[in-house]
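Asks: Here's a structure for you.
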2 protein chains.
Amino acid sequence: MTQTKGRASLAYQNPPRIIGEASIVGSKEGEGPLGALFDRVEADPKFGKDTWEEAESELQLQTARKAMEKTGMSEEQIRYLFAGDLLAQGIATSYGIMELQIPLFGLYGACSTCGESLSLASMAVNAGYADCAMALTSSHFASAEKEFRFPLEYAGQRPLSTTWTVTGAGAFVLSAAETSAAEGASVCVAGITTGKVVDYGVKDSMHMGAAMAPAAADTIYQHLADYGRTPEDYDRIITGDLGSIGQKILKDLMLEKGVDLKDIHDDCGILIFDADTQDTHAGGSGCGCAAATLAAYILPKLKTGEWKRVLLVPTGALLSKVSFNEGQSIPGIAHGVVLEHC
Amino acid sequence: MTQTKGRASLAYQNPPRIIGEASIVGSKEGEGPLGALFDRVEADPKFGKDTWEEAESELQLQTARKAMEKTGMSEEQIRYLFAGDLLAQGIATSYGIMELQIPLFGLYGACSTCGESLSLASMAVNAGYADCAMALTSSHFASAEKEFRFPLEYAGQRPLSTTWTVTGAGAFVLSAAETSAAEGASVCVAGITTGKVVDYGVKDSMHMGAAMAPAAADTIYQHLADYGRTPEDYDRIITGDLGSIGQKILKDLMLEKGVDLKDIHDDCGILIFDADTQDTHAGGSGCGCAAATLAAYILPKLKTGEWKRVLLVPTGALLSKVSFNEGQSIPGIAHGVVLEHC
């Protein structure tokens, strides 16, 4: 049923369908270029809770519920949940989805988790392990700043190379092609390319685009090699949150490998904010950046057939406050997901 | 090829084999009842590195290499790595396995990660996504104390309900039954039961057995229901790190559900230390506890056929320092893995 391709890729013969998706974001994201496309823009950054962490848990839960509502699925019909976030020990997920009582695979791939969750959910559905599975990821600006840098109350200065963690979550319901739930669904996960940890020695946690670009280049290059394709085989190759500086580095690295991305490359971090007017510097970032942009902006274009094939490459920076304070570099990882109109 | 069973279980028709395993532990574990069974006991708690986190990374890398050495596998032959640890943002894994350059799925399930990694690795191999995959998990006493409680230098007092985080790692190489690599392998992953997040409201991070026992009970009960089995169908049902108090709670909870575990239950946390002489109080804990005990003690008994069938249920406490300090309860999760002599 499945074809392994090259070192790190799979191509599904009868690809799982994305039968529904949902995105919920904060007010800053709602004021951005994609503002009108999200399912909901929440004005209260605490989502009615007392702490930033509880806020992110609530955001994740509400997004999961919204995806179930849109697909008419109950908790019992979703066999597995593949979910993660950026916080230490994945607490936004653990506390957020508890009341759903769906068997959970907890994931950590930093901001690449959206790609990791879609990969594993599509693998499970394609193998017949589940008629239906959900991929779910979130991030929150305030909980992420506190987790990786300083609490907002410190009012730390942000250099121009920084990205702004998106307050947002995306949920995706995948279903096997032959199920009744998949009838009429017009987007599939056609294949995946799984990333390796890549470290170019960047140590500046205010310059994540530079830390992650080598991993994105590695995964995109591996993907094209495994599939025997060129960038022209895609309507878009879209990374998760490299931002404007990371985009430039990615294009340079790809050129060094002999691949010209030309105008085919986009980045969710560039798409989600207007850097000129929103003071977000290099762009958006966070697990929720790729997830919300995928749900609100990318999937609709694939549904209508405006785009036939997209390579989505969520990118993650694998640092913690501890590793940063101990002077370690910031390795990256990126997971590729082939999305097709079908 | 695969049979889904009940709400949360899979039973593989031609189960993936465990073709090799390795365990490396620290000196305290080496002095325990299983000391002679580990592949290596390392006397230097820093594993030749400068920090506890780097030490755990090195431990994880060395254990992965040992498993490859024992199976004669190279990095190129292992298609996927499913790995995790307890540290914030999984840094023991990210930094540890970087140089292996194997496509990575980063996982977080607290101390249940050994079960989660074996589950996902067996799912991938069984589906034909990989001839060969590795499941890898680690924990380190000093990095875990610093991560969840206080640095060791604070010399915090440990109440009798605490468990002692195992310094250890376990690596498992899984291969599809029909591959030449699997010839002669006599242990298989026959199936899995995936856990949900379960929260009974325990808030004491020095009493993890109580926090995790409800999740263990939930998964074991679900497993028996999904498979239509009773505890007597197993030679042993072995939890990850409930310790002596958690074991009692588990047995009580199971009795309330009408299931008597009698003498069939064991716990890696009880097996790995001699609580009377080693000052470990309720027992061992950590990702490495279940992983090292599985590699050193459980698999050999399955290989010889002394045990025919074991349900391994690594148990995880889903807390972070942040959630603890914010007064949150400690939810648990447990993932069941059916191991059989074949």
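Just so you know, all these numbers are worked out from the coordinates, no wet-lab data involved. Keep in mind the model is a prediction, meaning the values are calculated, not measured. As a convention, Cβ positions derive from the backbone with ideal geometry for all residues, glycine included, and neighbour counts pool all protein chains shown.
Asks: Among A:47, A:322, A:24, whose Cα sits farthest toward the positive end of the charge dipole of chain A (+1 at Cβ of Lys/Arg, -1 at Cβ of Asp/Glu, about the Cα centre)?
Replies: Final value for the positive-end residue is A:322.
Asks: How far apart are the residue A:203 label points across copies, placing each 7 Å from Cα toward Cβ, in nm, shortest first?
Replies: 4.2
Asks: P(r) tail for region A:2-180, what percent of Cα pairs lie past 24 Å?
Replies: Numbers: 6104 of 15931 pairs.
Roughly 38 percent, rounded to a whole number.
Asks: In nm to one decimal, list the spacings between the residue B:27 label point and its equivalents in the other copies, with label points set 7 Å along Cα to Cβ, shortest first.
Replies: When each copy's label point is compared with this one, the spacings are 5.8 nm.
Asks: Right, something else. Hey, got the dipole for the protein assembly as shown? About the Cα centre, +1 on K and R Cβ, -1 on D and E Cβ, debye to the nearest 20? Intermediate results must be reported in sequence, preceding the final value.
Replies: On the way: 54 positive and 86 negative charges, 183 e Å.
My answer is approximately 880 debye.
Asks: Can you list, shortest first in nanometers, how far residue A:178 lies from the same residue in the other copies, with each label 7 Å from Cα toward Cβ?
Replies: Ordered by distance, the counterparts are at 1.7 nm.
Asks: Summarise the partner chain shielding of A:51-61 as one whole number: the mean count of Cβ atoms from other chains within 10 Å of each residue's Cβ.
Replies: 2
Asks: Let me ask another. With a/c under 1.5 counting as rounded, go ahead and sort region B:154-280 into rounded, prolate or oblate using the C-alpha gyration tensor (a ≥ b ≥ c being the square roots of the eigenvalues; past the cut-off, prolate if a/b is larger than b/c, else oblate).
Replies: Working: a/c = 2.08, a/b = 1.33, b/c = 1.56.
Oblate, because a/c is 1.5 or more while a/b does not exceed b/c.
Asks: What percent does the relative contact order of chain B come to when contacts are Cα pairs within less than 8 Å and at least six residues apart?
Replies: Numbers: 909 pairs, mean separation 84.2, N = 342.
About 25 percent, as a whole number.
Asks: List the trypsin sites (Lys or Arg not before Pro) in region B:40-94 that DSSP assigns to loop (not H, G, I, E or B) and whose Cβ has at most 10 other Cβ atoms within 10 Å. Which are they?
Replies: Values: sites: B:40, B:46, B:49, B:65, B:66, B:70, B:79; in loops: B:46, B:49, B:79.
Of the trypsin sites (Lys or Arg not before Pro), not one in the loops of region B:40-94 has a Cβ with at most 10 other Cβ atoms within 10 Å.
Asks: Still on this structure, I have one more. How big, on average over all directions, is the shadow cast by the Cα convex hull of chain A, in nm²? Before the final figure, lay out each step's value.
Replies: Details: hull surface 61.6 nm².
Mean projected area of the Cα convex hull: 15.4 nm².
Asks: Using a 10 Å cut-off around each Cβ of peptide B:317-330, what is the average number of partner chain Cβ atoms that fall inside?
Replies: Mean partner shielding for this stretch: 5.
Asks: Ok, one more. Run the dipole for region A:2-180 about the Cα centre, Lys and Arg Cβ at +1, Asp and Glu Cβ at -1, nothing else charged, and hand back the magnitude in debye, nearest 20.
Replies: 600 debye
Asks: Report the residue, chosen from A:166, A:310, A:202, that carries the largest GNM mean-square fluctuation when chain A is represented by alpha-carbon nodes joined by springs under 10 Å.
Replies: Judging by the Gaussian network model, the answer is A:202.
Asks: I've got another one for you. May I ask you to evaluate 6.51 cos²θ - 1.76 cosθ + 1.60, the Karplus curve with θ = phi - 60°, for each residue of region B:27-38 and list the ³J(HN,Hα) values in order in whole Hz, giving x for glycine and proline?
Replies: Rounded to whole hertz, the list is 5, 5, 5, x, 8, x, x, 9, x, 6, 8, 6.
Asks: Taking the number of other C-beta atoms within 10 Å as the exposure measure, put B:267, A:263, B:204 in order starting with the fewest.
Replies: On the way: B:267 28, A:263 8, B:204 14.
Neighbour counts put them in this order, fewest first: A:263, B:204, B:267.
Asks: Give me the inter-chain shielding for A:76-85: mean count of other chain Cβ atoms within 10 Å, whole number please.
Replies: Numbers: counts 1, 0, 0, 5, 3, 3, 2, 0, 3, 1.
The mean count of partner-chain Cβ atoms within 10 Å per residue comes to 2.
Asks: Under the Karplus relation 6.51 cos²θ - 1.76 cosθ + 1.60, θ = phi - 60°, what is the ordered set of whole-Hz ³J(HN,Hα) values for region B:114-131, x standing for Gly and Pro?
Replies: 4, x, 5, 5, 5, 4, 5, 5, 5, 4, 5, 5, 4, 7, x, 6, 7, 5
Asks: Which percent of Cα pairs goes in each bin when the distances of region B:213-342 are cut into 5 angstrom slices starting at zero?
Replies: Values per bin, smallest distances first: 2, 11, 20, 23, 20, 14, 6, 3, 1, 0.
Asks: What are the ³J(HN,Hα) values, in whole Hz, obtained from phi via the Karplus relation 6.51 cos²θ - 1.76 cosθ + 1.60 with θ = phi - 60°, for each residue of region A:309-318 in sequence order, with x given for Gly and Pro?
Replies: My calculation for region A:309-318 gives 8, 10, 9, 9, 10, x, 10, x, 9, 8 Hz in order.
Asks: Please list, ordered by chain and number, the residues whose modelled amide H lies under 5 Å from the amide H of residue B:20; skip anything fewer than 5 residues away on the same chain.
Replies: Answer set, sorted by chain and number: B:173.
Asks: Only helical DSSP H runs with n ≥ 4 go in: add -39500 (n - 2.57) per run for chain B, normalise by residue count and round the 222 nm mean residue ellipticity to 500 deg cm²/dmol.
Replies: Mean residue ellipticity, 222 nm, calculated: -9500 deg cm²/dmol.
Asks: Report the percentage of all Cα-Cα pairs in the protein assembly as shown whose separation exceeds 37 Å, rounded to a whole percent. Walk me through the numbers before you get to the answer.
Replies: Working: 67727 of 233586 pairs.
Result: 29 percent of Cα pairs exceed 37 Å.
Asks: Looking at chain B, identify the longest residue range that excludes and avoids all GluC sites (Glu not before Pro) in DSSP loops having at most 16 other Cβ atoms within 10 Å. The partial results should precede the final answer.
Replies: Details: sites that count: B:31, B:178, B:183, B:306, B:326.
Formally, the longest exposed-site-free interval is B:32-177.
Asks: Taking the Cα centroid of region A:105-169 and of region B:221-283, what is the distance between the two, rounded to the nearest whole Å?
Replies: After rounding, the separation between the Cα centres reads 35 Å.
Asks: For a quick check: sort A:268, B:132 by the number of other beta carbons within 10 angstrom, fewest at the front. Could the numbers behind the result be given before it?
Replies: Numbers: A:268 33, B:132 23.
Ascending Cβ contact count within 10 Å gives the list B:132, A:268.
Asks: Please report, in debye to the nearest 20, how large the charge dipole of chain B is about its Cα centre when each Lys and Arg carries +1 at its beta carbon and each Asp and Glu carries -1 there. It would help to have the intermediate numbers written out before the result.
Replies: On the way: 27 positive and 43 negative charges, 135 e Å.
It works out to roughly 640 debye.
Asks: Using the Cβ atoms and a cut-off under 13 Å, what net charge is assigned to the surroundings of residue A:12, where Lys and Arg are +1 and Asp and Glu are -1? Walk me through the intermediate numbers first.
Replies: On the way: positive: A:5, A:17; negative: A:178, A:340.
The answer is 0.
Asks: I've got another one for you. How would you rank B:208, B:98, going from fewest to most other Cβ atoms within 10 Å of each one's own Cβ?
Replies: Numbers: B:208 33, B:98 20.
The fewest-first ordering by Cβ neighbours comes to B:98, B:208.
Asks: Shifting gears a bit: Given the options A:127, A:179, A:6, identify the residue whose Cα lies farthest towards the positive end of the charge dipole of region A:2-180 (+1 on Cβ of Lys, Arg; -1 on Cβ of Asp, Glu).
Replies: A:6
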